[in-house]
Amino acid sequence: MKYVWRVGIILLLLLCMLLLVPSGAIVAYGEVVEIPLDAKKGMAPLEEGYLSDLEYEDPSISVKIEKGRIYETNYVVARVKIANASQLRTVMAASYYSPSTLMGTTMAKRTEAVLAINGDFFSSRNGHGYVARQGKEYRNACNSRIYDILIIDDQGDLHILEKPDSAEVEAFEGTPVQGFTFGPGLIVNGEVKRHNVKDFEFDCAAGKSAQRMCLAQVGPLEYLCICSEGPEDPGSVGLTLDQFTDLVASFEGIENAYNLDGGSSSTMVFKGDKVNSPNNPKRRPLCDMIYFASAWDAQ
């Protein structure tokens, strides 16, 4: 009789535990780890972490992709939240010194990225600007004062330096982990920026309707990746730089937003597939990507 009573108590406790677990929650054993800077990839995403074709969640990262339309153009935004800064990473198709290109889906697969977007195509800057990847500085040649520079520090925070020289980059107070040269900054320290399109016509075709991509930060370890379609996409006309700025500024809470390489380089990869501009036949290989990795080490 005493044995039956004990079994009943245990079953009752188990039932209470099941009732306390939220519906749809991921129940797993493991730990959130810090991914070493020199690691070639993150932790493998959980199969059960893919809640849909547009959403992923595990104890270290959440990604939710939304779609919308502005100025007769479709856009995609990915909302990303990570547990630690080591999950915001970069990858090159080859080495910096002998750059080649790969398709974005290939790089995303190699790194086991939960979400990946194109970077700044560093090899096209002709020796100008600032380049750092995974804690290693490759170039600081900002004396031309042409480009806005994006630095991502060891806390995962975005910092935009507006047309700095090399001394200003050297004086950056913080620990740079990633550095990009493209731009311009669309929102800097909460202020929406408007630019003379002629200053950026060569690099980002500022006055032309095109595909565009940006990385933005809305809070500690919380980001938006925003990309628009272009005139080669059925049903879209593309966005000028000013129109893209309007789109980016329409999202609340953005502290800093930086324009990345656009046109056919605009690439967002999720669940192994390119999810932006799905009906555009032009897909350009890339020399680098920014990606968000899982840090959940399942036991």
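The values are calculated or read from the model by the stated rules, or taken from the named source; none is laboratory data. Computed from a predicted structure; not experimentally measured. All Cβ positions, glycine included, derive from the backbone under ideal geometry; neighbour counts span all protein chains shown.
Determine which single condition Ser95 fails, assuming it passes every other condition in (1) at pLDDT below 95; (2) more than 24 Å from Lys109 (Cβ to Cβ); (3) not hydrophobic (A, V, I, L, M, F, W, C).
The number of the failed condition is (2).
Scan segment 59-70 and tell me whether some residue there is assigned to a strand (DSSP E or B) and in contact with a Gly (Cβ under 7 Å, 6 or more places away or on another chain). Break it down into steps so the answer makes sense when it comes.
Residues of segment 59-70 that are assigned to a strand (DSSP E or B), as a first pass: 61-70.
Applying the additional criterion that residues be in contact with a Gly (Cβ under 7 Å, 6 or more places away or on another chain) yields none.
Scanning segment 59-70 turns up no residue that is assigned to a strand (DSSP E or B) and in contact with a Gly (Cβ under 7 Å, 6 or more places away or on another chain).
From Ile151, Ile187, grab the single residue that is farther than 27 Å from Leu37 by Cα, part of a strand (DSSP E or B) and β-branched (Val, Ile, Thr).
Ile187
Give me the pairs: first residue in segment 156-169 and buried (at least 21 other Cβ atoms within 10 Å of the Cβ), second residue of a type in the set (Asp, Glu) and not in a strand (DSSP E or B), beta-carbon distance under 8 Å, and six or more apart or on different chains, which are they?
These pairs meet every condition: Leu158/Glu255; Leu161/Glu168.
Find all pairs meeting these conditions: Cβ atoms under 9 angstrom apart; at least six residues apart or on different chains; first residue within segment 91-117 and over 8 Å from Met289 (Cβ atoms); second residue assigned to a helix (DSSP H, G or I) and of a type in the set (Lys, Arg).
Leu102/Arg110
For segment 154-184, which residues satisfy the criterion of being under 20 Å from the mean Cα position of the chain (by Cα) and either assigned to a helix (DSSP H, G or I) or small (Gly, Ala, Ser) (or both)? Talk me through it step by step, then tell me what you get.
In the first step, residues of segment 154-184 are kept if they are under 20 Å from the mean Cα position of the chain (by Cα); the result is 154-161, 175-184.
Those that are under 20 Å from the mean Cα position of the chain (by Cα) and either assigned to a helix (DSSP H, G or I) or small (Gly, Ala, Ser) (or both): Gly156, Gly179, Gly183.
Given the criteria touching a residue at least 12 places away in the same chain (Cβ under 8 Å), within 28 Å of Thr106 (Cα to Cα) and in a loop (DSSP other than H, G, I, E, B), does Arg284 qualify?
yes
For segment 76-89, name all the residues that are of a type outside the set (A, V, I, L, M), crowded, with 22+ Cβ neighbours inside 10 Å and assigned to a strand (DSSP E or B).
Arg89
Go through segment 29-75 and report how many residues are within 22 Å of Pro220 (Cβ to Cβ) and among the acidic types (Asp, Glu).
Result for segment 29-75: 6.
Quick check: is even one residue across segment 23-31 surrounded by 11 or more Cβ atoms within 10 Å (Cβ to Cβ), in contact with a Ser or Thr (Cβ under 8 Å, 6 or more places away or on another chain) and at pLDDT 95 or above? Talk me through it step by step, then tell me what you get.
So the first thing to find is which residues in segment 23-31 are surrounded by 11 or more Cβ atoms within 10 Å (Cβ to Cβ), and the list is 26, 28, 30-31.
Applying the additional criterion that residues be in contact with a Ser or Thr (Cβ under 8 Å, 6 or more places away or on another chain) yields none.
No.
Taking segment 102-148, which residues are aliphatic (A, V, I, L, M) and either within 19 Å of Arg212 (Cβ to Cβ) or assigned to a loop (DSSP other than H, G, I, E, B) (or both)?
Looking only at segment 102-148, we keep the residues that are aliphatic (A, V, I, L, M), and these are 102-103, 107-108, 113-117, 131-132, 141, 146.
Met103, Ala113, Val114, Leu115, Ala116, Ile117, Ile146 - these are the residues of segment 102-148 that are aliphatic (A, V, I, L, M) and either within 19 Å of Arg212 (Cβ to Cβ) or assigned to a loop (DSSP other than H, G, I, E, B) (or both).
Return the only residue of Arg145, Arg133 being within 23 Å of Pro184 (Cβ to Cβ), free of Cβ contacts under 8 Å to residues at least 24 places away in the same chain and basic (Lys, Arg).
Numbers: Arg133 fails: free of Cβ contacts under 8 Å to residues at least 24 places away in the same chain.
Sole residue among the options that is within 23 Å of Pro184 (Cβ to Cβ), free of Cβ contacts under 8 Å to residues at least 24 places away in the same chain and basic (Lys, Arg): Arg145.
Being surrounded by fewer than 20 Cβ atoms within 10 Å (Cβ to Cβ), touching a residue at least 60 places away in the same chain (Cβ under 8 Å), among the β-branched types (Val, Ile, Thr) and touching a Pro at 6+ places or on another chain (Cβ under 6 Å), is that true of even one residue in segment 256-278?
So far as segment 256-278 goes, no, none of its residues is surrounded by fewer than 20 Cβ atoms within 10 Å (Cβ to Cβ), touching a residue at least 60 places away in the same chain (Cβ under 8 Å), among the β-branched types (Val, Ile, Thr) and touching a Pro at 6+ places or on another chain (Cβ under 6 Å).
Being surrounded by fewer than 19 Cβ atoms within 10 Å (Cβ to Cβ), at pLDDT 95 or above and of a type in the set (Ser, Thr, Tyr) is true for just one of Ser228, Ser250. Which residue is that? Talk me through it step by step, then tell me what you get.
On the way: Ser228 fails: surrounded by fewer than 19 Cβ atoms within 10 Å (Cβ to Cβ).
Unique residue meeting the criteria: Ser250.
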